[in-house]
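Report on the following structure.
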Amino acid sequence: MRKAIFAPVNPITIAIDGFSSCGKSTLAKQLAAHLGYTYIDSGAMYRAVALHVMEQGLAPGGVLDRPALLAALDGIRIRFEHDPLSGHSATWLNGRNVEHEIRSMAVSQHVTLVSPVPEVRAKLVRLQQDMGRAKGVVMDGRDIGTVVFPDAEVKLFMTARPEVRALRRYHELKQKGQEVDLAAVQANIAQRDLDDTTRAADPLRKAADAIEIDNSDITAEEQFQRALDAVLGKLAAVGYE
């Protein structure tokens with residue numbers, strides 16, 4: 001991995017979109033660390049809302065109580081803070097660190113309930129835009145290059161075969177000590193793909209000017225290099241070298 005060669009001047013915005021379990025966050029963190037940029041995990045924000053819904057009993061029987069969620073929305077506070085133990089940013093919900101809790105399979109299942117809600121998306125998009133207003137950020141999600149930062153200088157779109165993504169997610173959860181079933185993970189991936197691409201509010205789609213990276217059969221290092229080459233090419237083209 002090459003060392004960063006840019007001073008923190010004339011920063012740009014890097015938007016990374018793509019399907020669930022495509023390694024978007026891993027790539028975003030790598031690029032942010034390499035360039036000295038700020039990493040923002042937009043997906044963690046939706047997970048935090050989903051966790052709030054679970055904890056407050058706003059989805060009895062797996063059915064979202066939408067009026068109750070909308071009534072509670074203004075009181076949901078989400079921020080990111082550096083975690084000295086992990087060395088990474090941690091997600092905070094209403095004053096507490098929930099970084100570990102939001103990564104559970106149960107939260108993943110509830111994300112599909114809250115992410116299509118237009119009011120939720122509008123609130124989180126505003127927060128994301130505020131976080132990235134000064135540029136020098138790498139943000140990953142489902143609608144970053146199309147809705148949150150349509151003018152981002154670099155847009156990447158990540159994809160991989162569903163079975164590859166499901167297996168990655170399964171191993172990730174197992175490594176964290178969670179008891180999960182591969183078939184359940186596959187079903188969750190399929191449901192999230194359907195929800196992400198068909199929802200009325202800001203569906204997942206590739207921006208016209210995004211660079212697509214299919215990482216089904218490449219290593220993390222190869223993926224990083226392709227993404228970094230795209231970023232370096234843009235920085236050179238716009239005169240930031």
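The values are calculated or read from the model by the stated rules, or taken from the named source; none is laboratory data. Since the model is a prediction, treat every value here as computed from it, not as a measurement. So basically every Cβ, Gly included, is an ideal-geometry build from the backbone, and we count neighbours across all protein chains shown.
When residue 150 is tested against (1) modelled with pLDDT of 95 or more; (2) under 18 Å from residue 47 (Cβ atoms); (3) not in a helix (DSSP H, G or I), exactly one condition is not met: (2). As a summary of the residue check, residue 26 satisfies the conditions (1) at pLDDT 90 or above; (2) among the hydroxyl-bearing types (Ser, Thr, Tyr); (3) outside any strand (DSSP E or B); (4) surrounded by 19 or more Cβ atoms within 10 Å (Cβ to Cβ) except for the one numbered (4). Among the criteria (1) out of contact with any Ser or Thr (no Cβ under 7 Å at 6 or more places or on another chain); (2) in contact (Cβ under 8 Å) with a residue 60 or more places away in the chain, the one residue 39 does not fulfil is (1).
Matching residues to (1) free of Cβ contacts under 8 Å to residues at least 12 places away in the same chain; (2) surrounded by fewer than 20 Cβ atoms within 10 Å (Cβ to Cβ); (3) outside any helix (DSSP H, G or I):
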{"site": "46", "(1), (2), (3)": "no, no, no"}
{"site": "53", "(1), (2), (3)": "no, no, no"}
{"site": "91", "(1), (2), (3)": "no, no, yes"}
{"site": "119", "(1), (2), (3)": "no, yes, no"}
{"site": "126", "(1), (2), (3)": "yes, yes, no"}
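Which residue, of 70, 93, is of a type outside the set (Gly, Ala, Ser) and touching a Lys or Arg at 6+ places or on another chain (Cβ under 8 Å)? Only one candidate qualifies: 93.
Within the stretch 71-89, the set of residues being surrounded by 14 or more Cβ atoms within 10 Å (Cβ to Cβ) and in a helix (DSSP H, G or I) comprises 72, 73. So, residue 15, is that one at pLDDT 95 or above and within 13 Å of the chain's Cα centre (by Cα) or not? So residue 15 fits the description; yes. Can you tell me which residue is surrounded by the fewest Cβ atoms within 10 Å (Cβ to Cβ) among those in the stretch 55-70 that are on the phi < 0 side of the Ramachandran plot and in a loop (DSSP other than H, G, I, E, B)? Looking at the filtered set, the residue picked out is 63. Taking the criterion of being surrounded by fewer than 19 Cβ atoms within 10 Å (Cβ to Cβ), closer than 23 Å to residue 150 by Cβ and of a type in the set (Gly, Ala, Ser), the only residue of the stretch 202-220 that qualifies is 208.
So that you can scan it fast, the table gives a plain yes or no per residue for (1) of a type in the set (Gly, Ala, Ser); (2) within 17 Å of the chain's Cα centre (by Cα); (3) buried (at least 18 other Cβ atoms within 10 Å of the Cβ):
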{"position": "185", "(1), (2), (3)": "no, no, yes"}
{"position": "189", "(1), (2), (3)": "no, yes, yes"}
{"position": "196", "(1), (2), (3)": "no, yes, yes"}
{"position": "200", "(1), (2), (3)": "yes, no, no"}
{"position": "222", "(1), (2), (3)": "no, no, no"}
